[in-house]
1. Suppose the filter is modelled with pLDDT of 95 or more and of a type outside the set (Ser, Thr, Tyr); does VAL149 pass it?
2. Evaluate segment 78-90: report whether one residue or more is surrounded by fewer than 17 Cβ atoms within 10 Å (Cβ to Cβ), closer than 29 Å to ALA33 by Cβ and among the small types (Gly, Ala, Ser).
3. Within segment 142-162, identify whether any single residue is of a type in the set (A, V, I, L, M), under 15 Å from LEU121 (Cβ atoms) and in a strand (DSSP E or B), and answer yes or no.
4. Is it true that ARG81 is touching a strand residue (DSSP E or B) at 6+ places or on another chain (Cβ under 8 Å) and closer than 21 Å to GLY58 by Cα?
5. Return the residues of segment 12-44 that are modelled with pLDDT of 95 or more and among the aromatic types (Phe, Trp, Tyr); say none if nothing qualifies.
6. Would you pick out the residues in segment 208-224 that are under 19 Å from the mean Cα position of the chain (by Cα) and either within 30 Å of ALA101 (Cβ to Cβ) or assigned to a loop (DSSP other than H, G, I, E, B) (or both)?
7. In the set HIS3, HIS9, which member is over 21 Å from ASP105 (Cβ atoms), modelled with pLDDT under 95, loosely packed, with under 13 Cβ neighbours inside 10 Å and of a type outside the set (S, T, N, Q)?
8. For residues in segment 225-238 being in contact with a Cys (Cβ under 9 Å, 6 or more places away or on another chain) and not in a loop (DSSP other than H, G, I, E, B), which is surrounded by the most Cβ atoms within 10 Å (Cβ to Cβ)?
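The values are calculated or read from the model by the stated rules, or taken from the named source; none is laboratory data. Treat the numbers as computed from the prediction; the structure is a model and nothing was measured. Cβ coordinates were reconstructed from backbone atoms using ideal geometry, including for glycine residues, and neighbour counts include every protein chain displayed.
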Amino acid sequence: MSHASYRNHEHYIREEWPTAPKQTFVALAEQIAAAGLAENALLLDVGCATGELIHYLGRTFPGFSFTGVDVFDELIDEAQRRVPEARFLKASGLELPFSCAGVFDAVTALGVLSIFDETELVRFWDQLLGATRDGGWIWVLAPLNEYGVDCMIRHRKRVGGRVGDWETGWNIHSQESIAEVLEERCREFRFHPFRIGLDLPRREDPVRTWTIRTENSERQLTNGMKLLVDHYIIEVQK
């Protein structure tokens, strides 16, 4: 099979932002507030898409200055249009610009870690830590496995009779693998489970998550790969 890459980003441009903030944004903002950052903190969002998270955090923390990075030109252009007061750069979470080194009080990356496989895990975290000043904070939202199993997943969608390309985007790293990378690179880290509090319907794109009722959960996240998805916010202090 050919090398799989992440391509599932068109919906970010096609869809309008919801009127209510995503629950992941609210949970993240609570952790940022608890960290006690300065009112004029500098925050970098890796995998910013169209800037929705930066837009929300900008209204929650109006004194912050924001930079967003993403790998797709069309997302960067749309983010700059929607959030003109922030700065947006084309860059990968595996290769942040040199100008980002040691600059930021906080770094966020929501839904990005699962794009990268086991060969890229150390580099991803080194990039985020390298962009964070000493004593600064990192928050990463990702699906994790609490049973010591690392799952590297590739998928190919068939929508409307069309066969798509092989893609990544749903790798599920074990908590142990994340801990092995972080334990000698930072002051402390924690895994905060995130549990969604509303029902999500199934959508046209079978890879996007929706909720189902299970024996153990009223709202278990799943998707068309038949994964049971449990998200965590990984909180790191450098």
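1. yes
2. no
3. yes
4. Taking the combined requirement at face value, the residue does not satisfy it.
5. Answer for segment 12-44, where residues must be modelled with pLDDT of 95 or more and among the aromatic types (Phe, Trp, Tyr): just PHE25.
6. ARG208, THR209, ASN223
7. HIS3
8. Looking at the filtered set, the residue picked out is VAL236.
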